[in-house]
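Below is one structure, written out as structure tokens, with a few remarks after it.
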Amino acid sequence: MNRFSATSKRFGEHIAEWSIRIVASLSILVIFLIFVFVFREAAGLFSGAQRSQAAAEAAASASATPADHEQDVYNPDEETDSAATTSPSNANDQDVYNPDATIEEPAPAAASTATPEEAPQASKSLWEQLTGSIWQPVSEDPKFGLIPLFIGTTKTTIVAIVIGAPLGILAALYTAFFASPRVRNIVKPTIELLAGFPSVVIGFFCLTIVATFLQDVLGTAFRLNALVGGFGLSLAVIPLVYSIAEESLTAVPRSLREASLALGSTEWQTAYRVMLPAAAPGVFAAVLLGVGRAFGETMIALMATGNAAMKTWSVFEPARTFAATIGSEMGEVVWGSEHYGILFLLGSMLFLFSFGLNAVTELYVKSRLIKKFQGK
Amino acid sequence: MAKETSIKARTQTFSFFYGQKQALFDINIDMHENRVTAFIGPSGCGKSTFLRSINRMNDLIESTKHTGLMEVDGVDVYGSDVDVVTLRRRIGMVFQKSTPFPKSIFENITYGLTLTGKKSKSELEEVVESSLRRAALWEEVKDRLHHSALGLSGGQQQRLCIARAVSVNPEILLMDEPCSALDPISTGKVEELITQLKDQYTIVLVTHNMQQAARVSDYTGFFLMGKLIEFDRTRTIFTSPSKKETEDYITGRFG
Ligand SMILES: Nc1ncnc2c1ncn2[C@@H]1O[C@H](COP(=O)(O)OP(=O)(O)OP(=O)(O)O)[C@@H](O)[C@H]1O
Ligand SMILES: [Mg+2]
């Protein structure tokens, strides 16, 4: 040891460092596991072999832990009963979603899933089924066309962004540059408070008050429709867009604002022509994250859109989103069934979409920031 | 030295306050047209505050106030009928730290012009070239006008800001330590520029560089702790100052 050797770290620092490492690795692991689980369940759709294997495993585990499956069917409403009668696999109680069973366990469907249910659909390929225009998962002849869900998701998301993004950005511009400190100190926390609102409350508010109001004003045929749902989603989008946009606007150096004003521009010209472009990467990121929020939000979409899978682009008609479909059907789906697999497929699509959105945001923002602030 | 020209801007017992704190005390100055007026003084003595009071940039700071009179062309700039946007359009400002917008060089120069409405492309191109020439930057950037201004060196950025300020043809040009971040060569260019520009503008310059004040200015004011200790012809200030504090400061025995 010489006098330049590293001074030994304190014990406490070691512990802190290690706990941080463990927590970080754990969260990565959890994300990875969710990823694997969701995709594995969806993958069952594409390979019959895997499915029968899963069934075999299921049979094994079912016999190993019989206690888990003695519970009754999770049965929130009549729909499940009809499902139970129409779907042959439901003859066995154990097939039905059992909230007490541990998640990792594959469907305890035994042999029943493999044969009778698939027979009528064998003629149609999976692709043909998914691109169909009817979503009717629980019926004699179940149809799994994703087109109406896709349209429903897209139109509510568009409504939410068209309402939410401009409002969020304008509010951010206002509090960043125009409001007096006193007003800012009221407006900013108020909008951010909205972000903390449970989405079920927003959903309820839209379901009761907004829906009635909009129907009275617009005279629409359906009380609950994509417009009401999109409005509800925008209430979730606004605070998100607002806080990220506000942050990136206030991060623009003050000196730019002074330079612009000193040239004889008005506050508005400065905000619009200098500050907003300078903050553009952040504002763009805010909008993309807003899209992700609208796309993935379940409760508001479930409560306020009317939740009917209709193949129409009209915002005055009901819509059913991917997230709301999972939210409302996963609870009563037959484990290991095709429907089950397709719900997981929807989940995977949501996952991939938001993953892609975040990646695009990240890449775009980085490259734009580098371009903007290093003059490359 | 040149004979007296008319007074472009002047103050009478002008005082300025940041909240409770008084930063300027009863300043009386006449700033002459087509002349360079320089302000020197130790850090924190109120030079920038004074400069920013002329084009009302201090309005942007919360809870500031002033007393006394600040006149440009005989009009009280703090008068109730004065539009601050128009005022600032007529009084250009160059800041100590260069502040190029994150836009192209071309857009930086044309920004001020387009504030008052659309201009034809040829008109804009003409102004860009003449402004950049006046700021001695044209030769260096003429081939990359549409590249980001942030790719320029610090000295080039500062000259770009000068070009941007002159692009709108202000009557007064306020310069707050425009050379403090520049190398001697760029400084030389900016000083040359100042001497050229004074034919058209009234220039008010804050500098920490005594030689610079002596080289380029016609009048010099010495500030100390918010008070204007002495104001006179530059030659008088640097050869036979009448106040002891001034002499101590310019001979380096102080501050
Ligand atoms: N925004 C502000 N709020 C409160 N006080 C301020 C503010 N700006 C400046 N001051 C104070 O006013 C006094 C004068 O500051 P000013 O910036 O005018 O000095 P200066 O002569 O330009 O100094 P320097 O040569 O360092 O730039 C200082 O005491 C400073 O602390
Ligand atoms: Mg200063």
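The values are calculated or read from the model by the stated rules, or taken from the named source; none is laboratory data. On a predicted model such as this, the values are computed, not experimentally measured, just so you know. No Cβ is skipped: glycine too gets one built from the backbone with ideal geometry, and neighbour counts run over all protein chains shown. SASA here: full protein model, heavy atoms, side chains in, ligands and nucleic acids out. Shrake-Rupley method; radii C 1.70, N 1.55, O 1.52, S 1.80 Å.
Can you give the FRET efficiency for B:LYS227 and A:THR190, using 1/(1 + (r/R0)^6), R0 = 45 Å, r = Cβ-Cβ distance, to the nearest 0.05?
With a Förster radius of 45 Å, E is 0.45.
Which far-off residues, 5 or more places away or on another chain, put their amide H under 5 Å from the one on B:THR64, with H placed in the peptide plane?
Placed amide hydrogens put B:GLY19 under 5 Å from B:THR64.
Over chain B, with a Gaussian network built from C-alpha contacts below 10 Å, which listed residue (B:ALA149, B:ALA213, B:ALA181) shows the highest mean-square fluctuation?
Greatest mean-square fluctuation among the candidates belongs to B:ALA181.
Take chain B, connect every pair of alpha-carbon atoms lying under 10 Å apart with a spring to form a Gaussian network, then pick out the residue of B:THR64, B:THR37, B:THR116 with the largest mean-square fluctuation.
Most flexible of the set in this elastic network: B:THR116.
Using a 1.4 Å probe on the protein chains only, how many percent of the accessible area of region A:147-373 belongs to carbon and sulfur?
The value for region A:147-373 is 73 percent carbon and sulfur by accessible area.
Give the interface area between chains A and B as buried accessible surface, both sides summed, probe 1.4 Å, in Å² to the nearest 100.
2100 Å²
Tell me which GluC sites (Glu not before Pro) from region B:41-149 have a DSSP coil assignment and no more than 15 other beta carbons within 10 Å of their own.
B:GLU62
Are there any residues in region B:102-144 with a reduction of at least 30 Å² in accessible surface when going from the isolated chain to the assembly of protein chains? Probe 1.4 Å, please list them by number.
Relative to the lone chain, where solvent access is computed with a 1.4 Å probe, region B:102-144 loses at least 30 Å² at B:PRO102, B:LYS103, B:TYR111, B:LEU115.
Please list 3J(HN,Hα) in residue order for region A:257-266, calculated via the Karplus relation 6.51 cos²θ - 1.76 cosθ + 1.60 where θ = phi - 60°; whole Hz, with x for glycine and proline.
Taking θ as phi minus 60°, the curve returns 5, 5, 4, 5, 5, 5, 7, x, 9, 7 Hz for region A:257-266.
List the residues of region A:247-264 whose accessible area drops by at least 20 Å² when all protein chains are present, compared with their chain alone, using a 1.4 Å probe and counting only protein heavy atoms.
A:ARG254, A:SER255, A:LEU256, A:GLU258, A:ALA259, A:LEU261, A:ALA262, A:LEU263, A:GLY264
Ratio to report: Rg/Rh of region A:147-373, with Cα atoms as the point set and Rh obtained by the Kirkwood method; give two decimals.
1.05
Suppose all protein chains stay in the model; what accessible area per residue would a 1.4 Å probe give for region B:7-250, in Å²?
41 Å²
Please compute the length gained on full extension between B:GLU123 and B:GLU62, using 0.36 nm multiplied by the number of residues separating them and subtracting their Cα-Cα distance.
18.1 nm
Amide H to amide H, which residues 5 or more places from B:LYS8 or on other chains are under 5 Å from it, using H placed in the peptide plane?
Correct list: B:MET31, B:HIS32, B:GLU33.
Solvent-accessible area per residue for region A:147-373 at a 1.4 Å probe radius, Å²?
Computed with neighbouring chains in place, this is 40 Å² per residue.
Quick one: 3J(HN,Hα) in Hz for region B:187-202, Karplus 6.51/-1.76/1.60 with θ = phi - 60°, rounded, Gly and Pro as x.
Listing the rounded values in order: 4, x, 5, 5, 5, 4, 4, 4, 4, 5, 5, 5, 4, 9, 10, 9 Hz.
When only DSSP loop residues count, what trypsin sites (Lys or Arg not before Pro) in region B:216-255 have their Cβ near at most 11 other Cβ atoms within 10 Å?
When the trypsin sites (Lys or Arg not before Pro) of region B:216-255 are filtered for loop state and at most 11 Cβ neighbours within 10 Å, B:ARG253 remain.
Taking amide hydrogens as modeled 1.01 Å from N in the peptide plane, which residues meet the under 5 Å criterion relative to B:LEU228, leaving out close sequence neighbours?
Counting only residues 5 or more places away or on other chains, the set is B:PHE25.
Give the carbon-plus-sulfur fraction of the accessible surface of region B:7-250 in %, rounded to a whole number; probe 1.4 Å, heavy atoms of protein chains only.
Whole-percent figure for carbon plus sulfur exposure: 49.
For A:SER180 and A:GLU267 in the same chain, what is the full-extension length gain: residue separation times 0.36 nm, less their Cα-Cα distance, in nm?
Fully extending the segment from A:SER180 to A:GLU267 adds 30.0 nm.
Expressed in nm to one decimal, what extension gain is obtained for the pair A:VAL217 and A:LEU126 from 0.36 nm per residue of sequence separation less their Cα-Cα distance?
Between A:VAL217 and A:LEU126, full extension yields an extra 28.4 nm.
From the backbone phi of region A:348-354, what are the Karplus-calculated ³J(HN,Hα) couplings (6.51 cos²θ - 1.76 cosθ + 1.60, θ = phi - 60°) in whole Hz, Gly and Pro given as x?
These are the phi-based 3J(HN,Hα) values: 4, 5, 4, 4, 4, 5, 6 Hz.
In Å, what Rg and Dmax follow from the Cα atoms of chain B?
18.3, 56
Round to a whole angstrom and tell me the spacing of the C-alpha centers of region A:194-236 and region B:102-150.
50 Å
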